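The values are calculated or read from the model by the stated rules, or taken from the named source; none is laboratory data. As the structure is a computational prediction, the values presented were derived from the model and not from experiment. Note that we place each Cβ from the backbone using ideal geometry, even for glycine, and neighbour counts take in every protein chain shown.
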Amino acid sequence: MARLIDSPIGTPAPAPALATDRVTPPAPSVIAAAIGLSKIYGTGDATVTALDDVSVEFARGRLTAIMGPSGSGKSTLMHCMAALDSPTSGRVIIDGVDISGLKDSGLTTLRRDRLGFVFQAYNLVPTLTAQENITLPIDIAGATLDRPWFDTVVDTLGIRDRLSHRPSELSGGQQQRVACARALVSRPAIIFADEPTGNLDSRASAEILGFLRRSVDEFGQTIVMVTHDPSAAAFADRVLFLADGRIVDELDDPTADRVLERMRGFELGGRS
Amino acid sequence: MFRFTLASVRGHLVRFLLTAFSVMLGVSFVAGTFILRDSIDTTLDGLFASASKGVDVVVRGSGETSAIVTGAPRGTVPLALQATLASVPGVARVVPDFQGTAILAGKDGIAVGTGGAPALGFAFRTDDPSFTLVHGRGPTGPGEVAVESVTLAKADLHVGDSTTAVIAGQAHPVTITGEVTFGALFGATAVLVDEATARTAFAPDGTVSTFSITAEPGVTQQALRQSVAAVLPATDEAVTGAAMTAENKSSVAAGLGYLTTFLLAFAGVALFVGSFIIVNTFSMLVAQRTRELALVRAVGASRGQVVRSVLTEAVVIGVVGSALGLGLGLAIAAGAKSLVRVALGTDIVAALPVHPATVLWSVAVGTIVTVGSAVLPARRASRISPVAAMRDDATPPARSLRRRGVVGLAFLAVGAVLLTVSVTRDSPSWPGAAVAAVLAVVGMLVAAPLAARPVVTAVTWPFVALTGVIGRLARQSALRVPRRTAATASALMIGLALVTGVSVIAQSVKASVADVLARELTSDFVLRGASSAGIPASIGPAAAGLPQVQSVTRTSVVGVTVDDVAASAVVTSAAGLADNIVITMRSGPLTALAGDTVLVNQTTATAHGWTVGSVVTAAVGTLTAHRLTIGGVFQDSQALGTEFVVDRSLYDQAVPVSARSDRGVYVRAAPGADLGLLRSQLVTLAKPFLIVSVEDGQEYSDSTAASVDTLLNLLYVLLLFSVIVAVLGIINTLALSIVERTREIGLLRAVGLRRRQLSGVITVEAIATALFGAVLGCLLGLGLGIAMQRGLRSQGLDQLAIPWTTIVTVLVASVVVGVLAAALPSARAVRLDILRAISTEA
């Protein structure tokens, strides 16, 4: 693994503060970055440029939302950042590690030990109970479960009485809470959430987003979330806007109205 | 709709091929059996045609044609009849058929092997049309022989070489003067001697079994037969050459029929196992395509069209599988042919004929089994409602296993009780036992899904303990759809149940034989003949003359028929019998055995109400309506294995000298004898006869066990087919279930499951399925095997032996099978693209 000594990326972060107030470190350190990232699908006339030389940094302990219309490359960006997809060119650095040079085995270990995932379709293992689903990454790693942390996560998400249930016995909102718990329980460097509320009604959505917000605020968790819902983006600290494979705008401390306004702005701009 | 079907076949090509393969294996067995039978049939035609060349009428003694079964030969015809026959108008040529056994020693001094076929000796006549001299000249004196080509090749000898030949029990040094060819001999060897030698050796009493007569040109076989019959005494008969050929053919055809039925039974098992795979595959395909089928329904397809669509797929798979099976069957027949060539040193067949009937049967059986197996899944597909297309969660809810379990367990229980009752009765009821066995097997098949949870949990326990989450994921996957796992495992269960059951019987046979020999055989040495020729009659008396021998018992076999009892009676003499074979008399003395006074076993005596002094009328060998007196009743004996013991003097009276031979010679050493020395003396005595072996009690027991093992191995090979089909089934089920679990696999990989770990999960799942089948199969096989042994205990199978080695081997092999079956599906699974997998629609 190539650790980039000269880069600010990977410098030790201040210990996550378990404050009740929203913590914004004066100079937030960078935990993940994309440098000149491009992704081109297909060959010849059928090529599609999903990402076009994107460089971006994600701050530790922050909730970043990525927005953009369909085909803007927002999912591709996240998949490349999350070591699920490999870029055509450019580098991805996660927690001080340049993952471009890693083989499947290294990438698997990285995902297992340093990344967490929340998917739109929950993606729980149907044959395992909620508890077994939550501890799955730890079990796969053969690591020991941090029991107090597990309890904290489970209680925060309010799923203690559902632990012995199988996914088919849970509602969509409950399943997504279990998925969140699974992502949190191994204390990953970053959680990637891909449209986490895409399949949920507004009340369940608000609950899930609230949990993600709390895990950032209370546990210092870093989260990168892809969404197309302005009200979901409003829970973020920062919103990146993508269009045609490029970052076209960004917004700190967003509200739903401001997000909607920006989107309308560059959608119109894009059309002209 | 047909285009939709074809698209679906194309879309699932791998599954399609795997299913077609399981059809193929079953069909190949059927086709191979038919092809082999037809080719043996063709060969037989050729054999009989060449044997009867130039023979228009055959004169023979009267008797039963079924003599092979009872061991009672026909009467013979005196040589003196030749002159009478020659004077019959229309007769061009009449020759006595001198025929007997003639064993040739090969270059290595060992008898040329026949693989159980006879070693034939004939008279050489230059005008005999049934063979052709291809090299050298015919034999002209006692020290000369002509040898058939294949026999000569097997002996590794050439014209001009010298060797030893045992002609009618007499060893002679001989020179090979010529080489002749016959039609195919089926592994039998043939040695020809000059006519005078043949007469002395094969017709010592001045009689032969047949005369062959050739007609003058223009005289029909029928006409000649009538003229010949007119001059024959009442004890002899004349038949046409054509009738003789037909008679020979039909007696062989019956044997061939048994062989065909026997092989087809195994083909049936493989097809039955294959049908499980087909049902499973179609069920899974239908389940996976629920949404697609619902969509087709929603856009206007009728239920009938959905059923027809699924069945059309089945027809395509059935026809393709059958066609492949026909090809493989041809290869199997070719393989069997070369096996025979290796074993017998000769070709049984000139060609491998594929008759239209073979093609028709193979394709019909394969297609009917496939379509029949697809009917239930097709009906299930048609019940998918169009609205399922709109629903997110389109998988049908799991049905409860309780009802199925209760029905299955009830069948199993009734079958088990009925089986126990049937076989533990004094006279076992085999029809009852068969029904009970079928009930038990069906019950096991029906209840298997219920057993999935406990058995799979138990067999995966070591993996869970060792690998933690890998084992648990595998266990959960195997238990996800218990019906499916059970159906997959059942395919293996059936094959392995037969393996275990057969093995229990074989092991028990070996134990019982060893036990009987230990208890009832008290001789120190046993001499046995390696072929049907038996032991030359001169060896017994020679052995008796050795200084250290206390007594010698010679046994032969003769057919005895009394009322409804057709038995192979043991021929011996009372003197010295008690030294060598333990016979417990219930009434009358053993020494009563003499002349027309015979001994009968307890069961037969009780059944017919015979006691000492009873007189019965019997057919003995060539004697008909012969009066026998019961001199004693002996306790049923496994060592003798017969209903009657008759005296040697009666045998000499009932069997022509050319047909006499000893089956066993039992030698009891004098007290304090040097057994090593005696053995070497016996070996020296037996050696010139080439095919007589000398064994002590333990060796005799071992060589008997070895012949059981040979048969057992043959059965294992035949059962291997159904096991291979079952393995294909495991591959198929795994491959399909991986398709179903694509999203889950994507997730597991996303959250950090390594490729090796993933293939571990799939491998453990396959092992769990295979072990599940193996455990059920062993239990079922043990149950059926033990029941069979219980039922046969009064027939001599009185020792139960459990083949632990086989059971452990089966269990270990099933683990290996699991690993092999997982290779392909897991290679596919680890190659899945994580992103695409995770976003696959369920």
Among the residues listed as B:Thr622, B:Thr604, the single one being under 26 Å from B:Ser209 (Cβ atoms) and within 36 Å of the chain's Cα centre (by Cα)
B:Thr622
Taking the criterion of being modelled with pLDDT under 90, farther than 28 Å from A:Ile140 by Cα and surrounded by 20 or more Cβ atoms within 10 Å (Cβ to Cβ), would at least one residue in the stretch B:468-487 satisfy it?
yes
Taking the stretch B:459-499 and keeping residues among the small types (Gly, Ala, Ser) and touching an Asp or Glu at 6+ places or on another chain (Cβ under 9 Å) leaves B:Gly468, B:Ala474, B:Ser477, B:Ala478
In the stretch B:518-556, anything surrounded by 18 or more Cβ atoms within 10 Å (Cβ to Cβ) and assigned to a helix (DSSP H, G or I) is listed as B:Ile539, B:Gly540, B:Ala543
Could we say that A:Ala179 is out of contact with any strand residue (DSSP E or B) (no Cβ under 6 Å at 6 or more places or on another chain) and aliphatic (A, V, I, L, M) here?
no
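Can you pull out the residues in the stretch B:467-508 that are over 11 Å from B:Gly785 (Cβ atoms), more than 14 Å from chain A (Cβ to nearest Cβ) and aliphatic (A, V, I, L, M)? Working first, answer last.
Here is the first cut: in the stretch B:467-508, the ones over 11 Å from B:Gly785 (Cβ atoms) are B:467-496.
Right, trim to more than 14 Å from chain A (Cβ to nearest Cβ) and you get B:483, B:486-496.
Of everything in the stretch B:467-508, those that are over 11 Å from B:Gly785 (Cβ atoms), more than 14 Å from chain A (Cβ to nearest Cβ) and aliphatic (A, V, I, L, M) turn out to be B:Ala486, B:Ala487, B:Ala489, B:Ala491, B:Leu492, B:Met493, B:Ile494, B:Leu496.
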Does A:Leu136 satisfy the criteria of being under 24 Å from A:Arg60 (Cα atoms), of a type in the set (A, V, I, L, M), out of contact with any Asp or Glu (no Cβ under 6 Å at 6 or more places or on another chain) and part of a helix (DSSP H, G or I)?
no
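For every residue, the table says whether it meets (1) crowded, with 17+ Cβ neighbours inside 10 Å; (2) within 11 Å of chain A (Cβ to nearest Cβ); (3) within 30 Å of B:Val279 (Cα to Cα).
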site: B:Leu711; (1), (2), (3): no, no, no
site: B:Val723; (1), (2), (3): yes, no, yes
site: B:Thr733; (1), (2), (3): yes, no, yes
site: B:Glu744; (1), (2), (3): yes, yes, yes
On the basis of being within 24 Å of B:Gly26 (Cβ to Cβ) and within 14 Å of chain A (Cβ to nearest Cβ), does B:Arg453 make the cut?
no
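Taking B:Ala190, is it under 38 Å from the mean Cα position of the chain (by Cα), buried (at least 19 other Cβ atoms within 10 Å of the Cβ) and modelled with pLDDT under 85?
No.
On the given criteria, is B:Val717 in contact (Cβ under 8 Å) with a residue 12 or more places away in the chain, more than 14 Å from every other protein chain (Cβ to nearest Cβ), more than 30 Å from A:Asp113 (Cβ to Cβ) and not aromatic (Phe, Trp, Tyr)?
Details: in contact (Cβ under 8 Å) with a residue 12 or more places away in the chain: no; more than 14 Å from every other protein chain (Cβ to nearest Cβ): yes; more than 30 Å from A:Asp113 (Cβ to Cβ): yes; not aromatic (Phe, Trp, Tyr): yes.
Considered against the rule, which asks whether it is in contact (Cβ under 8 Å) with a residue 12 or more places away in the chain, more than 14 Å from every other protein chain (Cβ to nearest Cβ), more than 30 Å from A:Asp113 (Cβ to Cβ) and not aromatic (Phe, Trp, Tyr), B:Val717 comes out as no.
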Top-ranked residue in the stretch B:746-762 [being buried (at least 24 other Cβ atoms within 10 Å of the Cβ) and more than 8 Å from every other protein chain (Cβ to nearest Cβ); ranked as nearest to B:Gly274 (Cα to Cα)]
B:Ile762
Go through B:Gly752, B:Gly781 for me and flag whichever is assigned by TED's automatic domain parsing to the domain that holds B:Ala511 and not in a helix (DSSP H, G or I).
B:Gly752
From (1) more than 14 Å from chain A (Cβ to nearest Cβ); (2) buried (at least 20 other Cβ atoms within 10 Å of the Cβ); (3) farther than 23 Å from B:Ile724 by Cα, pick out the condition that doesn't hold for B:Val446.
(3)
Please go through the stretch B:650-707 and give me each residue that is in contact with a Pro (Cβ under 9 Å, 6 or more places away or on another chain) and among the acidic types (Asp, Glu), ordered by number.
B:Asp662
On the given criteria, is B:Ala491 among the aliphatic types (A, V, I, L, M), over 19 Å from B:Val683 (Cβ atoms) and in a helix (DSSP H, G or I)?
yes
Residue list for the stretch A:85-111, restricted to those being buried (at least 22 other Cβ atoms within 10 Å of the Cβ) and within 11 Å of chain B (Cβ to nearest Cβ):
A:Thr108, A:Arg111
Could you go through the stretch B:670-680 and let me know if any residue there is exposed (fewer than 15 other Cβ atoms within 10 Å of the Cβ), in contact with a Ser or Thr (Cβ under 8 Å, 6 or more places away or on another chain) and not assigned by TED's automatic domain parsing to the domain that holds B:Thr164.
no
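Picking from B:Val509, B:Val435, which residue would you name as being outside the structural domain of B:Gly641 (by TED's automatic domain parsing), within 30 Å of B:Asn580 (Cβ to Cβ) and either within 27 Å of the chain's Cα centre (by Cα) or buried (at least 23 other Cβ atoms within 10 Å of the Cβ) (or both)? Walk me through how you get there before you give the answer.
Details: B:Val435 fails: within 30 Å of B:Asn580 (Cβ to Cβ).
Matching residue, one of B:Val509, B:Val435: B:Val509.
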Tell me, yes or no, whether the stretch B:282-289 has at least one residue that is out of contact with any Lys or Arg (no Cβ under 7 Å at 6 or more places or on another chain), of a type outside the set (Val, Ile, Thr) and within 17 Å of B:Met24 (Cβ to Cβ).
yes
With at pLDDT below 85 and not hydrophobic (A, V, I, L, M, F, W, C) as the only criterion, which of A:Ser7, A:Ser75 stands out?
A:Ser7
For the stretch B:577-589, give me each residue that is buried (at least 18 other Cβ atoms within 10 Å of the Cβ) and more than 38 Å from the chain's Cα centre (by Cα).
B:Gly588
The stretch A:114-147, subset among the small types (Gly, Ala, Ser) and out of contact with any strand residue (DSSP E or B) (no Cβ under 7 Å at 6 or more places or on another chain), residue farthest from the other protein chains (Cβ to nearest Cβ):
A:Ala130
